[in-house]
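Values quoted throughout were computed directly from the atomic coordinates according to the rules given, and no laboratory measurement underlies them. Keep in mind it's a predicted model, so treat the numbers as computed, not measured. For neighbour counting, all protein chains shown are included, and Cβ atoms are generated from backbone atoms with ideal geometry for every residue, glycine included.
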Amino acid sequence: MKFFLVFPLFVGNIAAYAPQFRNTAVSRTALSADVAMNEPSYPPVNGWTADPGKFCLGLPGAVAPLGEFDPLGFTKDLSVQEIKRFREAEVTHGRVAMLATVGYIVGENFHPLFNGEVTGPANTHLAQVQEIAPFFFLWLTTSILAAELGRAKTGWESPMDAMKKNQEVDGKTWLSKLNDNYYPGDIGFDPLQLKPRDPEDFAEMQTKELNNGRLAMFGAIGMIVQEQVTGHTLF
């Protein structure tokens, strides 16, 4: 009789210490859901999605032999929007440098405009144009300003929206923030329809553009310094 009275208590005590597999599984599932809710999501753009776990968010441009080259740690512990802003600056400066290198070589050897009066080192051409044709110089500067405003309207958030979204972001941003669905450098200008539709092909072309732009930046600096020091044309 005593056995039947004690046995239920014994079983109950054992049950109290038994592992609760079902509850634990449910708790882990709920915890994973909470973490997923807290993690920011980045929309895919041109087949690329920002991955904070990869070098430079997984953006193209890390190629041999240098690979993941960032010896000074410019991209270390930066937010997604900061790294995108750095890439935007790199692509833009690379494009300007590519145009500049071609302009230096062609402009010093071919003078179809302004009755051939703009001559000599390319470093002095802009000042000559401003003196010879001030209205053309004004049109040129206005066109550059309009192009920059168009680029900002395409890829950047308004300053007021950027200020609100940057309040809780660690970094150097304040009035500037790229749109979440904007790929750095893709302003929509593609009159010859050269932009690949396949993500892998796009990444390959983007890498080529970056490499050419990086080389052109070094080349443009060399041309500018050489002409400034010597006072003569390149060739």
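When the GluC sites (Glu not before Pro) in region 90-134 are filtered for DSSP coil states and for at most 14 other beta-carbon atoms within 10 Å of their beta-carbon, the remaining sites are E117. When the pairs K76/K153; K54/K84; K54/K164; K54/K208; K153/K208; K54/K153 are compared against a 22 Å limit on Cα-Cα distance, K76/K153; K54/K164; K153/K208; K54/K153 fall above it.
Projecting label points 7 angstrom from Cα along Cα→Cβ for R214 and F114 puts them 3.6 nm apart. How about region 50-153: which trypsin sites (Lys or Arg not before Pro) there lie in a loop by DSSP and see at most 11 other Cβ atoms within 10 Å? Answer by residue number: K54, K76. Rounded to the nearest Hz, the phi-derived 3J(HN,Hα) couplings of region 178-195 under the Karplus curve 6.51 cos²θ - 1.76 cosθ + 1.60 (θ = phi - 60°) are 6, 4, 5, 9, 10, 8, x, x, 8, 8, x, 8, 8, x, 9, 6, 8, 5, where x marks glycine and proline.
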